[in-house]
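**Student:** First the structure, then my questions, so here it is.
None of the figures in this text is laboratory data; all of them are computed from the coordinates on show. Here the structure is a predicted model, which is why all the values come from computation and not from measurement. Positions of Cβ are generated from backbone atoms using ideal geometry, with glycine treated the same way; all protein chains shown enter the neighbour counts.
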Amino acid sequence: MHSEVDRIAQPWGERTPYDRGGTRSVRVDSYLAPGVTADGVRRWVPTASLLHSNGDAMDIAVADGRIVGVRGRAGDRVNHGRLGPKDLFGWQANHSPDRLTTPLIREDGPLVPCDRDTAMERIVARTRQLLAERGPDALGFYTSGQLFLEDYYTLAVIARAGLGTNHLDGNTRLCTATAAEALKETFGCDGQPASYTDVDHADVIALFGHNMAETQPVLWMRVLDRLAGGDPPRLLCVDPRPTPVARHATVHLAPRSGTNVALLNALLHEIIRTDRVDHAYVDAHTVGYEELAARVAEFTPARAAEICDVPARKITEAAELLGGAERLLSTVLQGVYQSHQATAAACQVNNLQLIRGMLGRPGCGVLQMNGQPTAQNTRECGADGDLPGFRNWQNDDHVADLARVWNVEPSRIPHDAPPTPAMEIFGKAEEGDIRLLWISGTNPAVSLPELHRIRDILGRDSLFTVVQDLYLTETAQFADVVLPAATWGEKTGTFTNTDRTVHLSEKAVDPPGDARPDLDILLDYARRMDFRDKDGGPLIPWHDPESAFRAWQECSRGRPCDYTGLTYDRLRAAGGIQWPCTSASPDGTERLYTDGITWAAPETCESYGKDVMTGESMTEDDYRSLNPEGKAVLRPADYDPPEEPTDDAYPLQLNTGRTVYHFHTRTKTGRVPQLNAAAPEVWVEISAGEASRHGVAEGDLVEVTSRRGSLRGRLRVTDIRDGMVFVPFHYGYWDTEEGDRPGKDGGRAANETTLTDWDPASKQPLFKTAAARLTLVERAGEEISPAPTTTASAPTGPCRAPATTGGAGAMAGQAGEA
């Protein structure tokens with residue numbers, strides 16, 4: 001069976017139904033450049049998606065030394081051949097004519113081209129100067145969730161053992177820091193307990209702040225195929241917007257922003273009140289049940305309804321759905337992680353799973369989802385505020401073991417304080433403490449909150465900024481040195497998706513000009529800095545991706561994320577394999593915690609935990625007194641109202657988020673014709689009731705203003721809850737030419753308006769907690785909103801906006817089983 005489908009108009013393709021517990025069929029999605037046929041492809045090179053966290057396995061089509069298309073890999077466990085819109089079309093960004101092809105340095109004002117030696121020696125000279133004058137605390141690194149495992153591990157060794165700085169974090173701090181923290185708080189260690197295959201077995205799937213349809217479209221296809229088959233799962237959706245998930249939900253709860261803890265406490269209250277608790281499981285595998293039950297005892301649905309502005313009966317219905325599940329799978333994403341009381345709320349989802357005994361069995365588990373494709377690797381490798389291998393920075397034995405792996409003295413690895421999270425790194429640069437900041441593969445001049453402050457920090461003469469990227473991004477325009485990097489398809493390495501599946505991505509083509517793989521850049525820097533171990537040998541002895549991977553295997557040996565059973569050859573032969581993969585589990589591990597809570601004992605845990613309300617770190621003694629038997633910890637939380645409430649001047653809650661057609665700040669997807677045409681400009685969403693109250697209508701140009709800044713966009717009227725305004729965060733300045741900045745007429749970046757605030761435990765910025773107002777700038781006339789009609793931004797009622805389609809240029813193949 002073969003067909004072609006407009007994958008802009010139909011982002012999730014056609015259905016291939018299957019029953020609960022059944023076998024999912026193969027459907028190979030593909031897209032080739034116009035004029036290219038399968039016969040014209042010279043090589044198919046294996047890789048996986050680098051534009052979301054699902055890890056969709058695919059092959060890159062190569063002809064005449066260029067990438068000319070992709071196809072899904074039929075035999076892979078993650079996607080069985082299916083691809084999402086960004087998978088199918090995103091590769092075209094590699095060929096963008098504005099790719100950086102030569103290094104740039106700042107000379108008396110402007111950035112000018114130079115050779116690689118000049119650029120690298122300028123970085124090395126400034127590094128040595130700052131080490132001599134100020135010490136390692138003057139150096140900071142801010143990396144991405146889009147590099148490869150080998151890159152992150154090398155960066156971690158450079159920063160922690162080479163330079164001795166604690167200032168290393170990634171933009172995964174913006175999207176998945178709360179996922180990691182919630183897993184550590186509950187299970188003592190990072191690592192997703194569940195597997196994507198749990199979708200095949202669950203009878204209830206609960207999605208908390210997770211617009212899976214747009215953030216993990218291929219995983220949503222799996223859910224849609226289950227919904228179309230026999231014995232479909234029932235869905236609980238917690239989201240203030242009318243997402244595709246909400247439209248398929250048995251129960252949809254649309255709470256006020258910042259009230260997730262109140263809602264979850266009421267759900268826990270009802271499950272405990274109706275005794276839907278698996279007491280045998282709780283007694284055997286958890287601590288803290290009595291305190292949890294006492295804390296939620298007074299949190300009735302009626303009380304939560306007042307706080308959340310959700311009908312009490314709907315909360316009761318949701319609790320009945322959760323309490324009656326035979327096999328419950330829960331997923332969590334940015335609607336929790338980027339909102340008020342993020343870690344506290346995410347831990348309550350873990351609590352729900354645990355008191356119901358829904359863990360470690362097919363269809364039973366929790367996925368504290370990742371937003372970025374290699375976010376899991378930043379956490380494993382120690383590039384995002386943790387020590388490599390999920391080691392505990394407070395545990396001297398763990399630090400000594402890491403020092404053994406690196407052949408350095410333990411004192412060389414900074415561990416007298418927690419690793420510095422991203423927002424504090426920028427704060428230290430603002431204060432003048434950090435004088436060199438190396439930014440790789442990310443665009444904080446668009447993605448961080450309160451952008452006028454970030455621009456001020458990046459523009460300071462006291463800060464020497466290195467940017468390693470593909471394009472002259474908004475951030476690169478501030479740099480003192482710009483290093484052109486190779487990207488997906490132009491280099492080799494591994495990366496790990498949300499459910500711990502490791503894929504190998506092979507080099508398919510050469511990078512353009514003088515662009516180099518991130519690993520090569522880091523190894524070059526290490527060589528020039530001449531980092532040495534305690535015996536005088538090279539601190540970093542590896543020289544290419546495969547030898548870097550072998551070094552990482554040794555670092556992971558015996559740790560929760562054990563890779564010792566994996567090799568490049570095994571990944572080439574088998575496709576995706578889940579860690580831990582060892583001699584005892586050579587085919588990988590589908591689910592964690594199938595026989596107890598493995599890594600929560602005080603001697604082995606990655607973290608002793610924090611107070612989820614205040615963020616205060618627990619000591620080893622605190623943890624030992626709480627958890628002497630190494631069980632999962634049920635961590636209760638009280639509800640606190642958001643820090644910035646609405647008022648007469650700012651009556652709307654501001655919510656930012658994503659669309660299926662774009663990734664992060666559009667540095668790649670904005671350069672892809674099909675994806676850019678589907679969502680070319682920022683838009684603003686409010687409900688019909690709010691539109692009436694504000695005297696505005698579909699297509700009007702409106703301004704959204706907070707206490708920090710403003711932006712402008714065309715209005716889309718949707719079924720979003722009243723009292724809220726939504727803006728997608730992907731869009732940068734009106735014009736990205738060097739020197740252009742938002743002016744008095746406003747910009748289009750949502751983060752002009754967001755506030756500098758973060759969760760006390762995970763340190764993740766809170767992008768969904770600001771108060772805002774909306775004003776009319778001009779009537780629509782013939783203008784229409786650029787918001788897609790196919791997704792959560794679908795209009796309510798009659799609308800002049802044409803249906804979002806891709807036309808002939810977006811027709812992709814679907815080859816399925818007959």
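**Student:** At a 10 Å Cβ-Cβ cut-off, how would you order SER411, SER49, SER706, SER330, fewest neighbours first?
**Tutor:** Lowest to highest Cβ neighbour count: SER411, SER706, SER330, SER49.
**Student:** So, in Å, what gap is there between the alpha-carbon centers of the stretch 752-768 and the stretch 273-289?
**Tutor:** Here the two parts' Cα centres lie 33 Å apart.
**Student:** Of LEU50, LEU701, LEU634, how do they rank once you tally other Cβ atoms within 10 Å and put the fewest first?
**Tutor:** The fewest-first ordering by Cβ neighbours comes to LEU701, LEU634, LEU50.
**Student:** Work from the charge dipole of the chain (Cβ charges, +1 for Lys and Arg, -1 for Asp and Glu, about the Cα centre) and give the residue of LEU207, VAL446, ILE307 farthest towards its positive end.
**Tutor:** Ranked along the dipole, the leading option is LEU207.
**Student:** What is the dipole size for the stretch 652-787, taken about its Cα centre, with +1 at each Lys and Arg Cβ and -1 at each Asp and Glu Cβ, in debye to the nearest 20?
**Tutor:** That gives the stretch 652-787 a dipole magnitude of about 420 debye.
**Student:** From the phi angles alone, apply the Karplus equation (6.51, -1.76, 1.60; θ = phi - 60°) to the stretch 449-456 and give each ³J(HN,Hα) in whole Hz, x where the residue is Gly or Pro.
**Tutor:** Going residue by residue, I get x, 6, 5, 4, 5, 5, 4, 5 Hz, with x marking Gly and Pro.
**Student:** Still on this structure: Using the charge dipole of the chain (Lys, Arg: +1 at Cβ; Asp, Glu: -1 at Cβ; taken about the Cα centre), state which of GLY709, TYR142, ALA815 has its Cα farthest towards the positive end.
**Tutor:** The Cα lying farthest towards the positive end belongs to ALA815.
**Student:** From the phi angles alone, apply the Karplus equation (6.51, -1.76, 1.60; θ = phi - 60°) to the stretch 651-663 and give each ³J(HN,Hα) in whole Hz, x where the residue is Gly or Pro.
**Tutor:** For the stretch 651-663, the Karplus-derived couplings read x, 10, 7, 8, 10, 10, x, 10, 10, 4, 8, 10, 10 Hz, x marking Gly and Pro.
**Student:** Find how much the distance from ASP108 to ARG66 grows on full extension, using 0.36 nm per residue of separation minus their present alpha carbon separation; answer in nm with one decimal.
**Tutor:** Full extension from ASP108 to ARG66 adds 11.4 nm.
**Student:** Using alpha carbon centroids, what distance separates the stretch 496-556 and the stretch 661-690, in Å?
**Tutor:** 34 Å
**Student:** Could you work out the helix-only [θ] at 222 nm for the chain, with each DSSP H run of four or more residues adding -39,500 (n - 2.57) and the total divided by the number of residues, to the nearest 500 deg cm²/dmol?
**Tutor:** -7500 deg cm²/dmol
**Student:** Tell me, what ³J(HN,Hα) does each residue in the stretch 402-409 have, in order and in whole Hz, if you take phi through Karplus 6.51 cos²θ - 1.76 cosθ + 1.60 with θ = phi - 60° and put x for Gly and Pro?
**Tutor:** Going residue by residue, I get 5, 4, 4, 4, 8, 6, 10, 6 Hz, with x marking Gly and Pro.
**Student:** Based on Cβ point charges of +1 for Lys and Arg and -1 for Asp and Glu, what charge dipole magnitude is obtained for the stretch 379-439 about its Cα centre, in debye rounded to the nearest 20?
**Tutor:** 200 debye
**Student:** A follow-up question, please. How large is the dipole of the chain about the Cα centre if only Lys and Arg carry +1 and Asp and Glu carry -1, each at its Cβ, rounded to the nearest 20 debye?
**Tutor:** Once rounded to the nearest 20, the dipole reads 1340 debye.
**Student:** Which whole-number value in Å³ per residue fits the convex hull of the alpha carbons of the chain?
**Tutor:** In the chain, the Cα hull volume divided by residue count equals 147 Å³.
**Student:** If you bin every alpha carbon distance in the stretch 459-516 into 5 Å steps from zero, what whole percent lands in each bin?
**Tutor:** For the stretch 459-516, the pair-distance distribution reads 4, 18, 17, 16, 15, 14, 10, 5, 1.
**Student:** Moving on. For the chain, what is the percent of antiparallel DSSP beta bridges, rounded to the nearest 5?
**Tutor:** Restricted to the chain, the bridges split so that about 50 percent are antiparallel.
**Student:** Taking R0 as 51 Å, what's the FRET efficiency between THR23 and GLU291 from their Cβ-Cβ distance, rounded to 0.05?
**Tutor:** The calculated FRET efficiency here is 0.70.
**Student:** Once R0 is set to 35 Å, what does the formula 1/(1 + (r/R0)^6) return for the Cβ-Cβ distance between ARG707 and GLU306, expressed as a FRET efficiency to the nearest 0.05?
**Tutor:** With R0 = 35 Å, the Cβ-Cβ based efficiency is 0.85.
**Student:** Given 0.36 nm per residue, what is the gain on full extension from LEU776 to ASP640 after removing their alpha carbon distance, in nm?
**Tutor:** 45.6 nm
**Student:** Related question: Could you work out how far apart the two model spin labels at SER3 and ASP117 are, taking each label as a point 7 Å from the Cα in the direction of the beta carbon, and quote it in nm?
**Tutor:** About 6.0 nm separates the two model spin labels.
**Student:** Most exposed first by the Cβ proxy, i.e. fewest other Cβ within 10 Å, how do ARG42, ARG708 rank?
**Tutor:** Fewest-to-most Cβ neighbours within 10 Å comes out as ARG42, ARG708.
**Student:** Which one, GLY493, GLY65, ASN171, is farthest towards the positive end of the dipole of the chain when Lys and Arg carry +1 and Asp and Glu -1 on their Cβ?
**Tutor:** It is GLY65.
**Student:** For the stretch 652-787, which semi-axes, largest first and in whole Å, follow from the square roots of 5 times the eigenvalues of its Cα gyration tensor?
**Tutor:** In descending order, the three semi-axes are 21, 20, 15 Å.
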